[in-house]
1. Loop only per DSSP, at most 13 neighbouring Cβ atoms within 10 Å: give me the chymotrypsin sites (Phe, Trp or Tyr not before Pro) in the range 149-232, ordered by residue number.
2. Short version: ³J(HN,Hα) in whole Hz for each residue of the range 117-129, in order, from phi by Karplus 6.51 cos²θ - 1.76 cosθ + 1.60 (θ = phi - 60°), x for Gly and Pro, what are they?
3. Could you tell me the calculated FRET efficiency between Leu125 and Met415, based on Cβ-Cβ distance and R0 = 25 angstrom, to the nearest 0.05?
4. Which ³J(HN,Hα) values, rounded to whole Hz and listed in residue order, are derived for the range 154-161 from phi using the Karplus coefficients 6.51, -1.76 and 1.60 in 6.51 cos²θ - 1.76 cosθ + 1.60 with θ = phi - 60°, glycine and proline given as x?
5. Apply the a/c threshold of 1.5 to the C-alpha gyration tensor of the range 77-120 and tell me whether it is rounded, prolate or oblate.
6. With θ taken as phi - 60° and the coefficients 6.51, -1.76 and 1.60, list the Karplus ³J(HN,Hα) couplings across the range 411-422 in order, rounded to whole Hz; mark glycine and proline as x.
7. Taking R0 as 25 Å, what FRET efficiency do you get between Val241 and Ser180 from their Cβ-Cβ distance, rounded to the nearest 0.05?
8. Greater than 26 Å separation of Cα atoms is the criterion. Which listed pairs, Lys98/Lys400; Lys246/Lys394; Lys226/Lys400; Lys98/Lys394, meet it?
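Please treat every number below as a calculation from the coordinates, not as lab data. Given the structure is predicted, the values throughout are model-derived calculations rather than measurements. When we count neighbours, we look across all protein chains shown, and the Cβ atoms used for this are built from the backbone with ideal geometry, even at glycine.
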Amino acid sequence: MSIYLTILGVIAFSAAIMGVLGIFTASHWVKRFGVIVTFIWLATAASVINVVGSSREFGVNQIFALYYMTPFSFWSSRVFSLTFATLAVLAILMAIGKKRKHQGGLVLWLTYTILFFSVVASSVLGAKPSFSHQIVYMWLIMTAVYVSPPTRPEQIATHAKYAAVAILYGSLILAPIQPSLYVETGYSGIIPGFNIRLHGLANHANNLGPLALFYLLLEYWVPSVKPLNRLNIAVALAVLVLAQSKTAWIMSASAIFAIFTLRLIERLKSDWKHSKPSWAMVGFISFFILLPFTLMLLFSWETLSIQRIFGADEGISTLTGRTEIWEITLETWRNNPWFGYGPTLWDLEFRIKYGIPAAIHAHNQFIQTLGESGLIGLAALLLYVGALVGYALKFSVRTKGVSIALVLMLLIRAMTEVPFRMFLSLDVAFLIHLIIFVTLIMLARGTSNDQKTKPVQNLQGNLAANLRT
């Protein structure tokens, strides 16, 4: 017994030391780069350390990888969570002390706050009341972002690119060194004869693939200095293919469609303004005329079945087993329509009850929210999603369509995962959501036009110099 107490004491002492060092390092970064940039790099470090410190097992042709936390990853996650919460509280208190006026981003923060309180309501009034401090951490982080001093969106994009590409490079480097932890073999995807799947420094390939797309979109908006950008783009494309994430590929097609459509619309506006109809106008009109016929052709093409697209053995009707999870979640919601089951929906006890140990959530954000927080939670989620879409459309021209593509990423991800869940999960999915939220908030701050046209090379050159010093 004394040996176990000694081990626990050593772990607790180590965690305390890590916490102090983490807060000291983070405070130094806050003074130098600001709260927002600190949050970005802190989330990046947390997601990487959690993956490196955990263990994984890959089953053949499974839709998920078995991911186990070790004592190290458990305590490091606690340290990072407490560091996040501490810095967020300090940032909020500093903003209150300075009585800083916050222009722009109110609607986005307010709808997120409504979503937060809907989860709190389900924690108290749900079928199984339970409260988790993790939801408070999430709200504190987003509130700290809202009250932080204005930061140029292009600077945020640059830091986000560096953070994303570091994970992508690390994933490719570690894959051949320790493939048992970072590469899944025997995977049957939609690429014939290609049976490996890169999970890398993300907790799952379905998070790594979107991260590669995330980098490519930011690179399109804020290009890096050549020739470095060409190498980074090649690495991101390689990861996008090796991850074999069908969700990421759908996101990529949607992003290209959104950006291309925006460019056509802008060209169409210009042509109408100058009364000069062009091929852009003809192409735009023809596209929407032919689109319904193209979709009908695709849906009637029997050789392209949903089963083949998803690479599943159980058939079209189950969508790789998700429909059973959805049915259970909806049945649970009906027992308490207004406030749902509560935050512990699909926890270990719930999974054991229904004999589905691997389903850690409903694999659909809207169904998960309905089952977890009821109609109140779903209404709050729709408000937040509406705000995201509204901000993305508002700043689509400023970001060359990237803001729309980024929000589309979240919405597509919401069809199979839970990117908007309030619980603080320090992984790549949280990093992407955080950066999108931050970027939209800062775009809404009304940065001046001269900041839009300032050369990106100067921004990245100054940033690189700061990082070196």
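1. Sparse-neighbourhood loop chymotrypsin sites (Phe, Trp or Tyr not before Pro): Phe194.
2. 5, 5, 5, 4, 4, 5, 5, 9, 10, x, 4, 10, x
3. 0.35
4. 5, 5, 4, 4, 5, 4, 4, 5
5. oblate
6. 5, 5, 4, 5, 6, 10, 9, 10, x, 9, 5, 6
7. Working from the Cβ atoms, E equals 0.75.
8. In this structure, Lys98/Lys400; Lys246/Lys394; Lys98/Lys394 lie more than 26 Å apart at Cα.
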